[in-house]
Amino acid sequence: MTVDKSKGKTEVKKFNQYVLAHIKARLDPNIPLEIYHADSRQSPGLQAADMFAWGVFRKYEALDKGWYEVFKEKISGEELFQPEKEKRARQAG
């Protein structure tokens, strides 16, 4: 899996651990999974994915569903990546 290289070294490590733990649980154990971080300015595919992700981000962060509504029928599931909020919720609950 290739994602946009937009995080610092510590954030990349947390992101990779979180994503690997959640995706590997849903994959056949025989399917290898590695995460690569690349500059989206060099990848039209990542630019398209960033545009899609921006629509999901706007839905949750700004309650703006305009762009999300354009492609919502293509989404089979959503999961928020907020490890710090999840950690606080587990500690509080």
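The values are calculated or read from the model by the stated rules, or taken from the named source; none is laboratory data. Keep in mind it's a predicted model, so treat the numbers as computed, not measured. Because the Cβ atoms are built from the backbone with ideal geometry, glycine has one as well, and the counts that use them run over all protein chains shown.
Details
- Looking only at residues in the range 7-52 that are closer than 22 Å to Trp67 by Cα and among the hydroxyl-bearing types (Ser, Thr, Tyr), the one that is surrounded by the most Cβ atoms within 10 Å (Cβ to Cβ) is Ser40.
- For Lys7, the conditions (1) in contact with a strand residue (DSSP E or B) (Cβ under 9 Å, 6 or more places away or on another chain); (2) assigned to a loop (DSSP other than H, G, I, E, B); (3) modelled with pLDDT of 90 or more all hold with the exception of (3).
- Across the range 53-74, the qualifying residues are those that are under 24 Å from His37 (Cα atoms) and hydrophobic (A, V, I, L, M, F, W, C), and the one among them that is surrounded by the most Cβ atoms within 10 Å (Cβ to Cβ) is Val56.
- Some residue of the range 25-36 being closer than 18 Å to Lys7 by Cβ, charged (D, E, K, R) and without any contact (Cβ under 8 Å) to a residue 24 or more places away in the chain: no
- When Leu63 is tested against (1) more than 16 Å from the chain's Cα centre (by Cα); (2) part of a helix (DSSP H, G or I), only condition (2) is not met.
- Set side by side, the residues Glu79, Glu84 differ, and just one is surrounded by fewer than 11 Cβ atoms within 10 Å (Cβ to Cβ), in a helix (DSSP H, G or I) and either aliphatic (A, V, I, L, M) or modelled with pLDDT under 90 (or both), which is Glu84.
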